[in-house]
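Engineer: Please find one structure pasted underneath; my questions will follow.
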Amino acid sequence: MAPLIVGQMDNEMCDIGHHDGHMSAIHPSSVPAPVAARWRRRPPELAVAEASRTGLRRHLGRLDLTAIGVGSMVGAGIFVTTGVAAATKAGPAIMLSFVLAGAICMLAALCYSELAAMVPVSGSAYTYTYATLGEVVAFIVGWDLLLEFVVAGSAVAIGWSGMLDATLQDLFGFHLPHAIAAPPSAGGVVNLPAILLLVGLVAVLVRGVRLTAKAAKWLVGVTIGVLVLVVVVGATDVDPGNWTPFTPFGGSGIVSGAALAFFAFLGFDIVATSAEETERPQRDVPFGIIASVAIATVLYVAVSGVLTGLAPYTTLNNPAPVATALSAAGSPWITHVILVGSVVALTKGALMIFYGQTRLLFAMSRDRLLPEGLSHTDPRTGTPNRATVVLAILAIAIAGFLSIDTVAELVNVGALFAFSLVAIGVLVLRVLEPDRERPFRTPLVPLVPLLAIGGCVWLATTLAGLTWVRFLVWMAIGLAIYLLYGRSRSTLVARRPVPVPDAPR
């Protein structure tokens, strides 16, 4: 019979054998103080045990995870953000901005990979922080990630609406009525296309992860095909004169461009939220995380180089910079393909981000830091449908009534905060539990985690002050929810024995 973990146990009094990857014995604490529990770490074994009792089904492999990662990243970042970053931040040096942002993301990805292999359950940075820094910090990170995912999904939906309008104009000479295609801040009433996209994505997500993964692979294939076409066709018409001056905004522009380009890399952490639905998570989740970041970086650098070589960077600040650049180069026929491909890419990006946020809310609800009913899974499909619907309502409210520039930087500050804490978590667990089995080990510790933390802090300093105010307001709301609800209902406070199986291999 499997040993038991008591949810209220004191970490400092647990005797857990880790040398062989199995647990030997766990002794619950006699100190029931809820205050202490709020700061107590939750051992990975407890996370795995509780995950084993839920209804998520394991259907995903390496290719699925890589498609989810690439699908989450390669969307609004390449088809929308590239033009804005080049025109207003870095100029042609946007290529270097993508290299810098990609390098920082890869450092964070290596840290994610170590913890994802050790704690192969849903929740991503939230779950890892719970195991390394304690419940209070974990809730803060989870609440922060909810902001990142909800706002990112909304931002992609807003970008999708603009791209759809540009595509209709290009193909049929038809513009969507401004009143139903723009938020009030832009003189419209509601962004109806963005809302309809989110409703459609919900319909796919509630059908189950297998359908979601199939849709992701097809959409990613189309997106990569379009980007390869952009590079191959566009490279023949590049004018090197458009790369002069290469750094019109100076070195600070490269850094500012990297902070904005960072938005294009958000999503690799969604691979980590898929761990509970992965057949071999300890092997395949690290592979999916690292491979997706590498693929995205190569695509971003190649495409941004071609775009700024095809057209003056000052002309790229518009909803469809890829099509603008190719049209300026005398390739109008391909703009039709690019615009349609852009709509497909943004659809895929929104789908993957929405998938990730539902799994995060599911994990926090299962831990009873948020209402437990949100962790209910459909018995037929194994999907957290209640969490999906709740998040859809929030995303619709944002996408329907706010502009993309209002929400994009909020996504970045949330991600940078979470990435930093994951890197800190790697350092903490290396000190507290150096002998724990690690199926994947972050190389060059402590150098890689420290560089990841430093890079994230560096990029965060370039964000606008108002962005930080909005972020702090959101975090204050979350802390109030934790104090009034989560701290008294957490599974670490409740006395609930949990059967613990051997760690998955």
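Engineer: Within the stretch 166-203, which residues are under 19 Å from residue 72 (Cα atoms), surrounded by fewer than 17 Cβ atoms within 10 Å (Cβ to Cβ) and of a type in the set (Val, Ile, Thr)?
Structural biologist: Selection gives 199 alone.
Engineer: Restricting to the stretch 232-243, give me the number of residues that are surrounded by 15 or more Cβ atoms within 10 Å (Cβ to Cβ) and assigned to a helix (DSSP H, G or I).
Structural biologist: Here is the first cut: in the stretch 232-243, the ones surrounded by 15 or more Cβ atoms within 10 Å (Cβ to Cβ) are 233-234, 237-238, 242-243.
Retained after the next criterion (residues that are assigned to a helix (DSSP H, G or I)): 233-234, 242-243.
The total comes to 4.
Engineer: Just a yes or no: is a residue in the stretch 410-425 in a helix (DSSP H, G or I), surrounded by fewer than 21 Cβ atoms within 10 Å (Cβ to Cβ) and polar (S, T, N, Q)?
Structural biologist: no
Engineer: Tell me, please, whether a residue that is buried (at least 19 other Cβ atoms within 10 Å of the Cβ), of a type in the set (Asp, Glu) and under 29 Å from residue 213 (Cβ atoms) can be found in the stretch 378-385.
Structural biologist: Within the stretch 378-385, not a single residue is buried (at least 19 other Cβ atoms within 10 Å of the Cβ), of a type in the set (Asp, Glu) and under 29 Å from residue 213 (Cβ atoms).
Engineer: Out of the residues in the stretch 430-459 meeting the condition of being more than 23 Å from the chain's Cα centre (by Cα) and among the β-branched types (Val, Ile, Thr), tell me which one is nearest to residue 285 (Cα to Cα).
Structural biologist: Only one residue tops the list, namely 445.
Engineer: For the stretch 457-489, name all the residues that are in contact (Cβ under 8 Å) with a residue 12 or more places away in the chain, more than 19 Å from residue 146 (Cα to Cα) and not aliphatic (A, V, I, L, M).
Structural biologist: If the condition is that a residue be in contact (Cβ under 8 Å) with a residue 12 or more places away in the chain, more than 19 Å from residue 146 (Cα to Cα) and not aliphatic (A, V, I, L, M), then 458, 462, 488, 489 are the ones that fit.
Engineer: Tell me the residue from 368, 359 that is in contact (Cβ under 8 Å) with a residue 40 or more places away in the chain and either over 22 Å from residue 70 (Cα atoms) or more than 20 Å from the chain's Cα centre (by Cα) (or both), please. Show your work before the answer.
Structural biologist: Numbers: 359 fails: either over 22 Å from residue 70 (Cα atoms) or more than 20 Å from the chain's Cα centre (by Cα) (or both).
Checking each option against the conditions leaves just 368.
Engineer: Right, something else. Taking the residues in the stretch 266-309 that are of a type in the set (Gly, Ala, Ser), under 30 Å from residue 168 (Cβ atoms) and buried (at least 24 other Cβ atoms within 10 Å of the Cβ) as candidates, determine which candidate is farthest from the chain's Cα centre (by Cα).
Structural biologist: 304
Engineer: Within the stretch 244-335, which helices (runs of 4 or more DSSP H) (wholly inside it) include 2 or more residues that are among the charged types (D, E, K, R)?
Structural biologist: Working: elements: 250-261, 268-273, 281-310, 321-328.
Those helices (runs of 4 or more DSSP H) span 281-310.
Engineer: Considering each of 321, 312 in turn, give the residue that is out of contact with any Asp or Glu (no Cβ under 6 Å at 6 or more places or on another chain), surrounded by 24 or more Cβ atoms within 10 Å (Cβ to Cβ) and either within 20 Å of residue 242 (Cβ to Cβ) or among the charged types (D, E, K, R) (or both).
Structural biologist: Details: 312 fails: surrounded by 24 or more Cβ atoms within 10 Å (Cβ to Cβ).
Within the list 321, 312, the selection yields 321.
Engineer: Of all residues being in contact with a His (Cβ under 9 Å, 6 or more places away or on another chain) and modelled with pLDDT of 85 or more in the stretch 133-180, which is nearest to residue 345 (Cα to Cα)? Just the residue, please.
Structural biologist: Of everything passing the filter in the stretch 133-180, 167 is nearest to residue 345 (Cα to Cα).
Engineer: Is it the case, given these coordinates, that residue 109 is modelled with pLDDT of 90 or more, buried (at least 24 other Cβ atoms within 10 Å of the Cβ) and either within 15 Å of the chain's Cα centre (by Cα) or closer than 23 Å to residue 397 by Cβ (or both)?
Structural biologist: Yes: the conditions hold for residue 109.
Engineer: I need the full set of residues from the stretch 435-453 which are in a helix (DSSP H, G or I) and either farther than 9 Å from residue 107 by Cβ or free of Cβ contacts under 8 Å to residues at least 40 places away in the same chain (or both), in order please.
Structural biologist: So the first thing to find is which residues in the stretch 435-453 are in a helix (DSSP H, G or I), and the list is 447-453.
Across the stretch 435-453, the qualifying residues are 447, 450, 453.
Engineer: Of all residues in the stretch 79-95, which are among the hydroxyl-bearing types (Ser, Thr, Tyr), crowded, with 24+ Cβ neighbours inside 10 Å and farther than 15 Å from residue 303 by Cβ?
Structural biologist: none
Engineer: Kindly check whether there is at least one residue in the stretch 286-300 that is over 13 Å from residue 70 (Cβ atoms), out of contact with any Phe, Trp or Tyr (no Cβ under 8 Å at 6 or more places or on another chain), in contact (Cβ under 8 Å) with a residue 12 or more places away in the chain and of a type in the set (Val, Ile, Thr).
Structural biologist: No, because not a single residue in the stretch 286-300 is over 13 Å from residue 70 (Cβ atoms), out of contact with any Phe, Trp or Tyr (no Cβ under 8 Å at 6 or more places or on another chain), in contact (Cβ under 8 Å) with a residue 12 or more places away in the chain and of a type in the set (Val, Ile, Thr).
The values are calculated or read from the model by the stated rules, or taken from the named source; none is laboratory data. The structure presented is a predicted model; accordingly, all values stated were derived computationally and were not measured. Backbone-built Cβ (ideal geometry, glycine too); neighbour counts: all protein chains shown.
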